[in-house]
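A short worksheet on the structure shown next.
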Amino acid sequence: MHATGMEGEGIKGIIEDARLEDLSHFESCIERIFQLGGSLPNDAQAFIKMSGCEFLQLPKNPTDIKAILEKCLKAEQGAIVNWDKVCKMTLGKDPATYDIAKDILMEEIEHESWFLELLYGRPSGHMRRKFSGERPHTQKHSRALG
Ligand SMILES: [Fe+2]
Ligand SMILES: [Fe+2]
């Protein structure tokens, strides 16, 4: 919503691709949480705290494109740290959870590389998704999203 103006229009699609895939990550892991006897915290603030990541909010100037991208990058990096932990925790022990975690991790690594490219010009080898929400790695875990 806040990627506005000529500069914003160019990055809107990439942010949308990343956000839709992050929605897929929620759906990809929720079933497994319940299968394992787990549940989601009732307190949203406590939930955010558990992640060890900053709550992703708009910057002070809500249309500051660079600040938005910096926040997006930080969020992807936080997700990488957490999904990497789940991969290490489950490798060789819980193949069902590992399969989900490594697919989510793959998309988070791609998202991080997109934002690194946009912010610092570091090539990501990034090809645009064929459509928003394509989620090449987690599609099979989040079928309700279509
Ligand atoms: Fe994600
Ligand atoms: Fe992501």
**OP:** Answer yes or no: is there a residue in segment 97-115 that is out of contact with any Cys (no Cβ under 8 Å at 6 or more places or on another chain), among the hydrophobic types (A, V, I, L, M, F, W, C) and away from ligand 2 (no atom under 13 Å from the Cβ).
**Re:** no
Subject >> Residue identified as more than 12 Å from the chain's Cα centre (by Cα), modelled with pLDDT of 95 or more and either assigned to a helix (DSSP H, G or I) or not hydroxyl-bearing (S, T, Y) (or both) among G38, G10 >> reply: G38
Original post:
In segment 82-100, which residue that is touching a residue at least 24 places away in the same chain (Cβ under 8 Å) and either within 11 Å of ligand 1 (Cβ to nearest atom) or farther than 18 Å from T138 by Cα (or both) is surrounded by the most Cβ atoms within 10 Å (Cβ to Cβ)?
Top reply: W83
Original post:
Out of all the residues in segment 25-40, which are of a type in the set (G, A, S) and touching a residue at least 60 places away in the same chain (Cβ under 8 Å)?
Top reply: S28
Subject >> Count - residues of segment 110-133 that are modelled with pLDDT of 95 or more, surrounded by fewer than 16 Cβ atoms within 10 Å (Cβ to Cβ) and under 14 Å from D17 (Cα atoms) >> reply: 0
Subject >> C29 vs. criteria within 16 Å of ligand 2 (Cβ to nearest atom), farther than 22 Å from K12 by Cα and surrounded by 14 or more Cβ atoms within 10 Å (Cβ to Cβ) >> reply: yes
**OP:** Would you check if H137 is more than 14 Å from ligand 1 (Cβ to nearest atom) and part of a loop (DSSP other than H, G, I, E, B)?
**Re:** no
Original post:
What tally of residues in segment 41-68 results from selecting those that are in a helix (DSSP H, G or I) and hydroxyl-bearing (S, T, Y)?
Top reply: 1
Original post:
If you go through segment 51-81 one residue at a time, how many are within 16 Å of the chain's Cα centre (by Cα) and either farther than 17 Å from E21 by Cα or within 16 Å of ligand 1 (Cβ to nearest atom) (or both)?
Top reply: 20
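The values are calculated or read from the model by the stated rules, or taken from the named source; none is laboratory data. Worth saying up front: this structure is predicted, and the values here are computed from it rather than measured. Neighbour counts are summed over all protein chains in view; Cβ atoms, including those assigned to glycine, are modelled from backbone coordinates with ideal geometry.
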